[in-house]
Structure formats: C-alpha cells, structure tokens
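In what follows, a single structure is set out as structure tokens and then discussed.
What follows is calculated from the coordinates using simple rules that are stated; it is not laboratory data. Keep in mind the model is a prediction, meaning the values are calculated, not measured. Note that we place each Cβ from the backbone using ideal geometry, even for glycine, and neighbour counts take in every protein chain shown.
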Amino acid sequence: MMDGFLNVLKPPGLSSGTVVAIVKRVTGEKAGHAGTLDPEACGILPVMVGKATRLFDFMVEKQKTYLAEIAFGSATDTQDAQGKVIEKGNDTPTLEAVRAVLPRFTGDILQTPPMFSALKMGGETLYKLALKGRTAEIPARPIHVDRIELLSETPRHGMLIRVVCGRGTYIRTLCNDIGQALGCPAHMRFLLREQTGAFTLDTAVTIEELKAGDTGKYLLPLDTPLRHLARYDVPARLHKLCLNGVRLRPDEWPGDAPEGAFVRLYIDDRLIGISRVEAQGILTPRAVLK
C-alpha cells in the first residue's frame, strides 16, 4: 500500500487528469490531484495517493507562487498563447511603465474570471459555453495578491514576472488586465507554478522519474499539507477508541483547540486520523486512517 502525496512537476501539454491517470498506473493506487493546473501550464501539481485522497477537505492552499511571461502586443480569447488573437497593438510598454502599474494589482482586489475556465454558471461550465460561441456575465471575485516582482524583459515584447497570491487567482487574467491598464493588449505566454501551499519545486518529481520505478521514494508523508492543523498525540489508553472512530470527551484529550477546528491525531508519530472539535469540546472523527 502507498499512502501520501506525490509532488509532480507537470510538463506543458498534459492535463491534470492525465497526470493522475499516470500516477494510478505506476502506483496501482487510487489517486487525485489536489488543485488543478491548466494543460499548457507547467509546474507543481500535488497528487494524493491512497489514503491521502481522504484528506482533500482538510488541505488549505494558503499561498501560491507563479513565474509568468506577459506577451505585449496582442490579446487572445483565452488570455494565453493557445487562444485566438482578438486584439493587436503596437504601443509596447517599458519596464518602468510596467513596474509603475503593478501596485494596482496587489493586495485585496477584484478579478473577473475568464470565459475559458472550469467555473460553472447556471449549471454549465464556462469554457463549454465559450466553445459554443456563447458568453456570460461573470461577476468579479475578490482575490488576494501578496506581491508581483518584475524580473526582466524577454524576447518578442515579453516581460517575466513572479506572482505570489492566494487561491482563485487567474494569472492569465492578471496578464491580460495589466496590458489593459497600460493601453497595450497582452496575454500570458508562459506559466510555471513554483509553489502551492506546502509543495515546492525542490521536492518535485518528473513524469519520467515516476515511470522509471521505485515511486515510493518520492512519496511525501500524509501530513505534508496539514501542518496548519493542531496536533494531538493519542495516549495508549485511547488508541483503540481513536482507531475505531469513537468520539472523545473533553476530559479525554487536552481540548486546546477552538470549536470548529480540525485536529490531527497521531499514534507512534503516525497520522491516524482527522477529528473536528464540536460543541462542548467533543472531538469527533472526520477521517480515520487505519
């Protein structure tokens, strides 16, 4: 049995679903991705393996880091390089002009998601509507962008930026909107996700390495993305109760987590479950990992 997370370095051209299918094939275990990545983008794609698939609801993707290239001079219907050009312009901005406009796109801002996205409206996926030539009134959503670093100019009127942001941020929309703010059509030419939550490039594994065998050596522990949750080391007298999914009274555990909080339960330094603090401090199992 293999239980844990594979921090896959997804190459461009593969969908997140295809990566999961590869992981299932090489591990022989059930699997699922913990946060999708567009097919043409590359970078970090955490994949849950075995019992890790039961932990998705407890994960928090607090922060993501992306390396992106903005291509000035044309906008596309998908806001990236795979789309159809819908607008052109020649007034390419300077580094100084781009640097000056970036503060408008940091902090708590509103962003309108693109039509070519997996979001749903009225029960139908937006990109399916877009493929039919239909449009929809998409409301702007609040997002948080911690910072945007302007790194360098690139060939063909491009500029490289690094974006640190919260979940729900569309980097291709950010590139498009920066172009609009500068009066020059723009789209995203390249995207690399360098970090999502606890998963970073330094622990990433390539598809080729996974296919080469001995996948277990790349497996990260079940609690890798759960360190934000309180921890409770279960005493021997309560081992059987916790392994059988029995609720614990407040006098049976320290009770130092607030109501509504999730708590990681360990036996012999091994994660055996996730519980939630209910009313009166009762610790109720939500996931038991026998």
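With neighbours defined as other Cβ atoms within 10 Å of a residue's Cβ, the residues R99, R156 order from fewest to most as R156, R99. Result for the chain in a Gaussian network model with C-alpha springs under 10 Å: among G43, G197, G183, the largest mean-square fluctuation is at G183. Legend: residue pairs K30/K217; K30/K62; K24/K120, Cα-Cα distance threshold 20 Å; pairs beyond threshold, K30/K62; K24/K120.
The dipole here belongs to the chain: it is taken about the Cα centre, uses +1 on the Cβ of Lys and Arg and -1 on the Cβ of Asp and Glu, and is about 780 debye.
Here segment 230-288 has an Rg and Dmax of 9.9, 28 Å, counting Cα atoms alone.
Once the mean of 1/r is taken over each pair of separate Cα atoms and inverted, segment 1-151 shows a Kirkwood hydrodynamic radius of 18.3 Å.
If a paramagnetic tag sat 7 Å from the Cα of R99 along the Cα-Cβ line, which residues of segment 150-178 would have the backbone N under 19 Å from that point? Within reach of a label on R99: 150-155, 157-164, 178.
Here the contact order of segment 230-288, divided by its residue count and restricted to Cα pairs under 8 Å and six or more residues apart, works out to 37 percent.
Compared with the dominant Cα axis of the chain, that is its longest principal axis, helix 16-27 is turned about 40°. Ordering G73, T206, Y266 by the projection of their Cα atoms onto the charge dipole of the chain, which places +1 on the Cβ of Lys and Arg and -1 on the Cβ of Asp and Glu, puts Y266 at the extreme positive end. Shape verdict for segment 64-196, please, from the Cα gyration tensor: rounded (a/c under 1.5), prolate (a/b greater than b/c) or oblate. Note, shape of segment 64-196 comes out oblate.
Within the same chain, lysines fewer than 8 places from K240 are excluded, and of the rest, those with a Cα less than 16 Å from its Cα are K290. Just to be sure I understand the curve: with the Debye formula and one point per C-alpha of the chain, what is log10 I(q)/I(0) at q = 0.11, 0.13 Å⁻¹? Debye output, listed in q order: -0.76, -0.97.
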